């Protein structure tokens with residue numbers, strides 16, 4: 001296990017499996033409902049968050065992009081659409097999620113431009129200095145060892161390349177903060193259970209958000225790993241944060 005508090009947070013506390021295997025199982029179980037629940041629980045705001053994150057790569061005009069923890073390929077699809085990339089490779093540890101993503105790519109006739117592979121973010125199966133840009137949306141929280149994952153992403157990024165991370169954070173504005181805690185502690189797990197019969201998945205979402213080293217702490221970790229020109233942008237009163245770093 002890694003050295004950060006969120007590294008120890010797992011979906012199924014009784015399980016003997018590693019965090020990585022538990023996360024894969026959890027997403028396999030909710031894959032068929034994942035897109036619907038995302039839109040429903042965020043009232044569709046999550047699409048705007050993803051667009052803002054991808055916008056951070058506009059000036060770079062990347063041709064080859066790696067989307068880590070691609071899930072059902074939402075970011076991979078948006079990245080190709082917004083940046084006219086030649087190729088986006090999405091990796092994820094959940095075959096269930098990848099299956100849903102491949103269907104979406106096939107329906108849009110984009111199989112030439114977007115490829116999804118089963119892959120572990122902490123052991124990337126790519127050569128050094130390979131990608132123009134890397135995106136991770138709501139995925140770094142699920143890494144078993146945060147620094148190892150960041151190190152791997154830095155390794156496969158080309159010099160001059162840029163990583164964009166989109167992740168949940170905890171708002172600090174009075175009123176917003178209280179509502180957010182209520183929503184994450186009670187409403188999200190209840191709705192998750194109602195629609196996917198898997199309350200653990202949405203309880204894990206809350207627990208891992210609470211423990212994640214967010215804000216300036218995360219930027220500091222990025223810098224220690226070796227990213228440069230790092231910065232963050234808070235979205236929607238701080239419910240979500242974009243983190244960027246270059247190589």
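Rule-based calculations on the coordinates, nothing more; no lab input. All values reported here derive from a predicted model rather than from experimental measurement. Here the Cβ positions follow ideal geometry from the backbone for every residue, glycine too, while neighbour counts run over all protein chains shown.
Taking only C-alpha pairs under 8 Å that are 6+ residues apart, what is the relative contact order of the range 5-246 in percent? Write out the running numbers ahead of the final one.
Values: 448 pairs, mean separation 51.6, N = 242.
Answer for the range 5-246 is 21 percent.
Potential lengthening of the chain between residue 220 and residue 233 amounts to 3.2 nm, from the contour at 0.36 nm per residue minus the alpha-carbon distance.
Evaluate E = 1/(1 + (r/R0)^6) for residue 129 and residue 172, where r is the Cβ-Cβ distance and R0 equals 22 Å; express this FRET efficiency to the nearest 0.05. It comes to 0.05.
Just to verify a number: FRET efficiency for residue 87 and residue 47, C-beta to C-beta distance, R0 = 30 Å, to 0.05? Using R0 = 30 Å, I get an efficiency of 0.85. Average 1/r across all pairs of distinct alpha carbons in the chain, invert it, and you get the Kirkwood radius: 18.0 Å. Note on residue 61 and residue 15: the model spin-label points, each 7 Å out from Cα along the C-beta direction, lie 4.4 nm apart. Using a cutoff of 8 angstrom between alpha carbon atoms and counting only pairs six or more residues apart, the relative contact order for the range 1-117 works out to 23 percent. In the chain, the DSSP-assigned H stretches of four residues or longer account for a calculated mean residue ellipticity at 222 nm of -13500 deg cm²/dmol, using -39500 (n - 2.57) per stretch and the full residue count as denominator. With 0.36 nm allotted per residue and the present C-alpha distance subtracted, the residue 99-residue 179 stretch has 25.3 nm of extension available.
What do the square roots of 5 times the Cα gyration tensor eigenvalues come to for the range 1-123, in whole Å, largest first, as semi-axes of the equivalent ellipsoid?
On the way: eigenvalues 134, 53, 48 Å².
Semi-axes, largest first: 26, 16, 15 Å.
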